[in-house]
Amino acid sequence: MTTTTPDWAARFSERMTRVRASEIRELLKLLDQPDILSFAGGIPHPELFPTERIQAAYDAILTDPKLAAQALQYSVSEGYLPLRQWIGERMTRDGMPCGPENIMLTAGSQQALDLLGKLFLSRGDTVMVARPTYLGALQAFNGYEPTYLDLPDTALAGDGLDATARERATGALGYFVPDFANPTGQSLTLAEREALLDLAGDLDMTLIEDAAYRELRFSGEALPTLLSLDIARSGAIEAARTLFCGTLSKTLSPALRIGWVCGPRAVIEKLVLLKQGADLHVSTVNQMVAHRAVSEGYEQHLGRLRAAYGSNARVILDALERHMPAGVTWSRPRGGMFVWVWLPEGLDGKVVLERALAEERVAFVPGEPFFAEVPAANALRLSYSLPTDAQIEDGVARLARLIARMG
């Protein structure tokens, strides 16, 4: 009998040609090298996890026979009802009146993006995104083989879209992070949010609002969500065109894998069917633990997060101001975990990264992978969520020295 090793690459579906490794996930491996000073991973600081509260929740649930039997069993695909009720009440207070029937829990908001891509995208459909945009969203959508359309920088300032872009955007799916976006840390102004809704209504676009960092505002006034503005216009969530993606990963714990989608029931019902085919439901015990962990003291916990990340942001912005050479510019976030840095023309972020690792032992994420349609190489993303003040100061100084040498 003759046996041959299968040519696996030839057997994969055509869509796998669109799937690429995450540059961020690869860079996270650098965190295991003790001499690397990393601004790469945009992940919560472990010292800010409410570990004791989470431990107490697990203990209370698993030592109660009735609760343990529920927690360790299969559950409904929509998600744990008390947690959906808590989310619905919180969203209602934030100007988005909704009920648990409008909410489905997901394995982090990343799964929400994947399921929304599966629900709305066929091969060749258009996805409109900011420039740059969240790399994880592109990875979630790529498997459904869309084309991308960058939202022009001036489109929300009254200039609109040209005829070609309008034709491509009509009926498209739009994906945006209005608050403290990954990777830029920037937010849409109220006027820009209204203009985006005007554009979506004019072109009959479906909007996905990714609110992963909304709770991490550490300065400035909170602005209404796209969904709240949409509901104010349309009269009810059932008439809205905006689908809201939230998560507890940035505020409670990424490992619990608790995210959600909020939208009209017609959308949620279809997502539930897709969720059943994907993984049946989010871990029951984790949903129950999350509900206990947020039911009391959550606002105080958020205050602690905001103070910590706000302090780190001030340190990195001050260090950038003092150390970076002429020609380098950066965003000034009021929330979230990221600063976006524009390098002088001619510098490639990937090349800078290679030399930064070799010469200065500093890591960051180069900017090019965050661009969906028209790439830009002269940018990079710095995350300030993990380093200490001293590490931020030292790392920015090292990076600035390298950029000055390369310039």
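Checking every residue in segment 368-380 against the condition of being touching a helix residue (DSSP H, G or I) at 6+ places or on another chain (Cβ under 9 Å), part of a strand (DSSP E or B) and at pLDDT 95 or above gives at least one match. The residue of segment 187-225 that is surrounded by the fewest Cβ atoms within 10 Å (Cβ to Cβ), among those that are within 29 Å of Lys118 (Cα to Cα) and of a type in the set (Val, Ile, Thr), is Thr206.
In segment 150-175, what residues are out of contact with any Leu (no Cβ under 9 Å at 6 or more places or on another chain), more than 16 Å from Leu197 (Cβ to Cβ) and in contact (Cβ under 8 Å) with a residue 12 or more places away in the chain? Within segment 150-175, Asp150, Asp153 meet the criteria.
Restricting the search to segment 374-400, which residues are among the aliphatic types (A, V, I, L, M) and touching an Asp or Glu at 6+ places or on another chain (Cβ under 8 Å)? It would help to see each step written out before you state the result.
Of the residues in segment 374-400, the ones among the aliphatic types (A, V, I, L, M) are 374, 376-377, 379-380, 382, 386, 390, 392, 396-397, 399-400.
Matches in segment 374-400: Val374, Ala376, Ala377, Ala379, Leu399.
Considering the conditions (1) under 19 Å from the mean Cα position of the chain (by Cα); (2) over 30 Å from His301 (Cα atoms); (3) not hydroxyl-bearing (Ser, Thr, Tyr), Ala155 is excluded by exactly one of them, (1).
Let's see how each residue does on (1) closer than 29 Å to Thr284 by Cβ; (2) assigned by TED's automatic domain parsing to the domain that holds Tyr309; (3) touching a Phe, Trp or Tyr at 6+ places or on another chain (Cβ under 9 Å):
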site	(1), (2), (3)
Glu215	yes, no, no
Leu223	no, no, no
Gly235	no, no, no
Ala239	no, no, no
Thr247	yes, no, yes
Leu252	yes, no, yes
Ile258	yes, no, no
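Residue count for segment 260-285 satisfying the condition of being outside any loop (DSSP other than H, G, I, E, B) and surrounded by fewer than 24 Cβ atoms within 10 Å (Cβ to Cβ): 15.
With respect to (1) touching a residue at least 24 places away in the same chain (Cβ under 8 Å); (2) surrounded by fewer than 19 Cβ atoms within 10 Å (Cβ to Cβ), the lone exception for Ser234 is condition (1).
Scanning segment 120-144 for residues that are in a loop (DSSP other than H, G, I, E, B) and either modelled with pLDDT of 95 or more or of a type in the set (A, V, I, L, M) (or both) gives Leu121, Ser122, Arg123, Gly124, Asp125, Ala130, Arg131, Pro132, Thr133, Tyr134, Tyr144. Restricting attention to segment 335-361, and to residues there that are within 24 Å of Leu48 (Cα to Cα) and in contact with an Asp or Glu (Cβ under 9 Å, 6 or more places away or on another chain), which single residue is surrounded by the fewest Cβ atoms within 10 Å (Cβ to Cβ)? Taking the candidates together, the pick is Gly335.
Among the residues of segment 179-189, are any within 28 Å of Ser122 (Cα to Cα) and assigned to a helix (DSSP H, G or I)? Checked segment 179-189: no residue is within 28 Å of Ser122 (Cα to Cα) and assigned to a helix (DSSP H, G or I).
The values are calculated or read from the model by the stated rules, or taken from the named source; none is laboratory data. Note that the coordinates shown come from a computational prediction; the quantities given were computed from them, not determined experimentally. Heads up, the Cβs are rebuilt from the backbone with ideal geometry, glycines too, and the neighbour counts pull from every protein chain shown.
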